[in-house]
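I have placed the structure first, in the form of structure tokens, so that the comments after it can refer back to it.
The values are calculated or read from the model by the stated rules, or taken from the named source; none is laboratory data. Quick caveat: nothing in here was measured; it's all calculated off a predicted structure. So basically every Cβ, Gly included, is an ideal-geometry build from the backbone, and we count neighbours across all protein chains shown. Each accessible area value is taken on the protein alone, full model and side chains, heavy atoms only, with ligands, DNA and RNA left out. Shrake-Rupley method; radii C 1.70, N 1.55, O 1.52, S 1.80 Å.
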Amino acid sequence: MGSETDRPRGRKRDSDATRAALLAAARDLFGRHGYEAVTLRDIGERAGVDASLIARYFGGKVAVYRSAVAEDTREVSASAQTLDLGSFTAYALHRADRRGAPGPLVQALLSQSSAPEVRASAADEMRTRLISPLAGRLAAEGADDPEGRAEALISCLVGVIAMRSSGLFDGLSAMPPETIGAILEAAVQAHTQGGSTPGPAQCRQGSAPPVDEA
């Protein structure tokens with residue numbers, strides 16, 4: 001029979017395992033179906049525990065969604081001025097391919113029906129982990145309006161992840177993640193090698209802005 005000191009440690013291990021199972025279930029379900037379509041009962045059933053435990057460990061649906069987004073993005077942060085958008089894009093697309101879904105962060109950003117606090121939390125995560133580092137790189141390399149350009153480029157990445165996961169575009173679905181990454185990285189470099197922002201006439205004609213040779 002275990003000692004009294006063993007019991008608290010055993011309960012702590014059980015508690016940690018239950019919380020981890022709920023969080024893993026939430027990441028998977030929210031990543032596949034979005035915030036509105038997933039219920040607390042769904043999460044509990046996927047985790048194999050009573051759904052009422054979500055209130056104990058997280059506090060509610062919004063809180064567990066925020067935790068799922070935060071956990072899902074822990075490994076995607078980049079240091080300021082060093083974000084290689086090409087390599088990160090390839091990594092993000094391979095990860096989406098493995099799980100067959102865009103993930104809870106992308107779902108939260110794109111869903112108009114998500115609770116406002118959920119979308120705001122997702123936007124903060126994206127800004128902290130990707131937009132700000134890319135803006136730092138763009139600023140260091142001399143781009144105009146680095147923050148706005150970083151937001152535009154990361155928005156492109158979010159759209160690519162979502163649309164590739166949807167399977168609606170055959171060419172995009174078939175394209176290797178590394179090739180897509182190279183396209184987005186080329187867009188970053190176009191902003192840091194003397195390229196100018198296209199004016200209205202260029203946009204109407206569908207022509208790209210000139211880029212000076214480095």
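Structure notes:
- Matching residues in segment 128-149 - criterion: being among the basic types (Lys, Arg), touching a helix residue (DSSP H, G or I) at 6+ places or on another chain (Cβ under 6 Å) and within 11 Å of VAL188 (Cα to Cα): ARG149
- Residues that are farther than 17 Å from ALA115 by Cβ and out of contact with any Lys or Arg (no Cβ under 8 Å at 6 or more places or on another chain) within segment 33-52 comprise ARG41, GLY44, GLU45, ARG46, ALA47, GLY48, VAL49, ASP50, SER52, listed in sequence order.
- Just one of the listed residues (ASP28, ASP6, ASP42) is more than 25 Å from VAL62 (Cα to Cα) and either surrounded by 10 or more Cβ atoms within 10 Å (Cβ to Cβ) or at pLDDT 85 or above (or both), and it is ASP6.
- Pairing each residue of segment 120-131 that is under 11 Å from ALA70 (Cα atoms) with any residue that is part of a helix (DSSP H, G or I), provided the two are 6+ apart or on different chains, yields C-beta distances under 6 Å for SER121/ARG66; ALA122/VAL69; ALA122/LEU105; ALA122/ALA108; ALA122/LEU109; GLU125/VAL69; ARG129/VAL76.
- When the residues of segment 62-79 are filtered to those that are open to solvent by 50 Å² or more (accessible area, probe 1.4 Å) and assigned to a helix (DSSP H, G or I), the one that is modelled with the highest pLDDT is ARG66.
- Of everything listed in (1) under 27 Å from ALA162 (Cβ atoms); (2) at pLDDT below 90; (3) open to solvent by less than 70 Å² (accessible area, probe 1.4 Å), the single unmet condition for SER15 is (1).
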